[in-house]
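*Asks:* Take a look at this one; I'll ask things after.
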Amino acid sequence: MANKNITMKINEKNLGAFASSATPVDREGWLDMRGEVGKSYQRRWFTLKGNLLFYFEKKGDKEPVGVVILEGCTIELTEEEAYSFKIVFQCEGGRTYYLCTSSQASMESWMKALACASYDYMKLMVAELQRQLDEAQAEVVAEATSVVTVSPPEDEPKAPPRGQRYNPFNRGPDSEPKTVPGSRHHKESVRAEVPRKMVPFRDIHTAYGRKILSDRSQWRARIVKQKEDFSDHTLIEL
């Protein structure tokens, strides 16, 4: 029996230390509370941490007056007071806690926070989030493994193989250039086919020099004759 008392005392100290520790608080505030026996409400400071609802006599106290473990219970509305609700434990020997707030918004916020504080509710939320994560990962894997093939239209022209393409600028060493009749390249190619004879420059100078001297002599003779005709015509008029 002594061991049970020691164990309960250690639990109470652990709960008290946890209630006053710097761990995150889900919700806190003033609420009016009564039990099943008494009909009068007492004002208490409530602090919600996880699934543990601590209530203190005054704000800032280190030791809580009591704690409600929010497992296996339901949060329900009551009609006996304005803005009131209750925490009901349906198990055998379970208690009912009656709570009252000062406004409709405060009552709804407290009821929602207490209903979502149980371990069973958190387990359901984690399972739902895991299901959504698995579905998202399955969609990503399906998109990554899917292969989309796009076939070109049948009437679209296709490029010939690389070995059959013709480039007019690429000429081999033995290939003959293609020329258009009448063009400069065509004339040069025709003249290149006529055999040429090598002639010394002296012979070229002599042949063209004689022609130039002959033309010069004829020009000078024509000038002299014109002068003579002009002189005879002038004397006759005088």
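We did not get these values from a lab; they are worked out from the coordinates using the rules stated. This one's a predicted model, so the numbers in the text were calculated from it and none came from an experiment. Quick reminder, even Gly has a Cβ in these numbers, built from the backbone with ideal geometry, and neighbours come from all protein chains shown.
*Asks:* Give GLU92, GLU79 a once-over and let me know the one that is among the acidic types (Asp, Glu) and closer than 27 Å to MET122 by Cβ.
*Replies:* The unique qualifying residue is GLU92.
*Asks:* While we're looking at this one, here's another question. Restricted to segment 37-86, and to residues that are out of contact with any Leu (no Cβ under 9 Å at 6 or more places or on another chain) and among the basic types (Lys, Arg), which residue is surrounded by the most Cβ atoms within 10 Å (Cβ to Cβ)?
*Replies:* Out of the qualifying residues, it is LYS49.
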